[in-house]
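Trainee: Handing you this structure, nothing more for now.
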Amino acid sequence: MNWIAWDPRSYGGALLGGAAGFLLFGRLVQHGWSAPSVVGLLMGLGCALVTRERSSMRGIVLAIGAAWISAAAQVYYQPPAGTEGMLAGLMQFHSTLGGSVLLGHLGSMLAAFLLGRCSFRRDAKQRLAGA
């Protein structure tokens, strides 16, 4: 049973989009912008461009992945005060979540979910969980 719509093409596109979002987040931080939502947006776009079917479960998996990648990007490019290293930064990530930062990460998850569950192909069929 393939309930998470496993397809190397779909998840490969999502990973490439997530990596591009990670790098774009870093460039935006250099210019004074903190926009974690670009991670989920590019991750969802990367998946939706190459996938051949629609799947809500895949959208959920991508939303979770976008949360982790955008958190890692923020810790890497904007480390919390008093932390050294990626693991220590991730352990203190919650202390950096103000109102607008939290909304940015939720936007990242929402974009990854909405784009990751669809396909830009007209002939894409819907995959149902358990079918």
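Coordinate-derived values only; no laboratory data. If you're wondering where the values come from, they're calculated on a predicted model, not measured in any experiment. Note: ideal-geometry Cβ built from the backbone for every residue, glycine included; neighbour counts use all protein chains shown.
Trainee: With n ≥ 4 as the cut-off for DSSP H runs, can you work out [θ] at 222 nm for the chain, using -39500 (n - 2.57) per run divided by the number of residues, rounded to the nearest 500?
Mentor: Details: 5 runs with 83 residues, N = 131.
Helix contribution divided over all residues of the chain: -21000 deg cm²/dmol.
Trainee: Hey, another quick one. Contact order normalised by length for the chain, with contacts defined as Cα pairs under 8 Å and 6 or more residues apart; what percent is it?
Mentor: Numbers: 245 pairs, mean separation 49.4, N = 131.
Computed over the chain, the figure is 38 percent.
Trainee: Tell me, Leu24, Leu45 in order of fewest to most beta-carbon neighbours within 10 Å? Can you show the working numbers first?
Mentor: Numbers: Leu24 16, Leu45 20.
Fewest to most other Cβ atoms nearby, the residues stand as Leu24, Leu45.
Trainee: Okay, next question. List the residues of the stretch 51-70 whose backbone N lies under 16 Å from a point placed 7 Å from the Cα of Phe120 along the Cα-to-Cβ direction.
Mentor: 51-54
Trainee: Follow-up. Could you work out the relative contact order of the stretch 66-131? I mean the mean sequence separation of Cα pairs under 8 Å and 6+ apart, divided by the number of residues, in percent.
Mentor: Working: 28 pairs, mean separation 22.9, N = 66.
Relative contact order of the stretch 66-131: 35 percent.
Trainee: Using 0.36 nm per residue of separation minus the Cα-Cα distance, give me the extension gain between Ala81 and Ala19 in nm, one decimal.
Mentor: Numbers: separation 62, 0.36 × 62 = 22.32 nm, distance 2.48 nm.
Between Ala81 and Ala19, full extension yields 19.8 nm more.
Trainee: Would you please put 78-84, 9-15 in order of how densely packed they are, using the mean number of other Cβ atoms within 10 angstrom per residue and starting with the highest? Present the calculation step by step, with values, prior to reporting the outcome.
Mentor: Working: 78-84: 12.6, 9-15: 19.6.
So the peptides 78-84, 9-15, ranked by packing, come out 9-15, 78-84.
Trainee: Measure nothing but the geometry: give the 0 to 90° angle between the long axis through the Cα atoms of 99-116 and the longest principal axis through the Cα atoms of the chain, rounded to 10°.
Mentor: 20 degrees
Trainee: Please rank Cys118, Cys47, fewest neighbouring Cβ atoms within 10 Å first, as an exposure proxy. If you can, show how the numbers build up before the last one.
Mentor: Working: Cys118 20, Cys47 34.
In increasing order of surrounding Cβ atoms, one gets Cys118, Cys47.
Trainee: What order, most packed first, do the peptides 64-76, 86-98, 30-42 have when packing is the mean number of other Cβ atoms within 10 Å of each residue?
Mentor: Working: 64-76: 20.9, 86-98: 13.8, 30-42: 19.4.
Most protected by this proxy first, the peptides run 64-76, 30-42, 86-98.
Trainee: Then there is this: Taking Cα atoms, how many degrees apart are the long axis of helix 8-30 and the longest axis of the chain, rounded to 10 and kept between 0 and 90?
Mentor: 30 degrees
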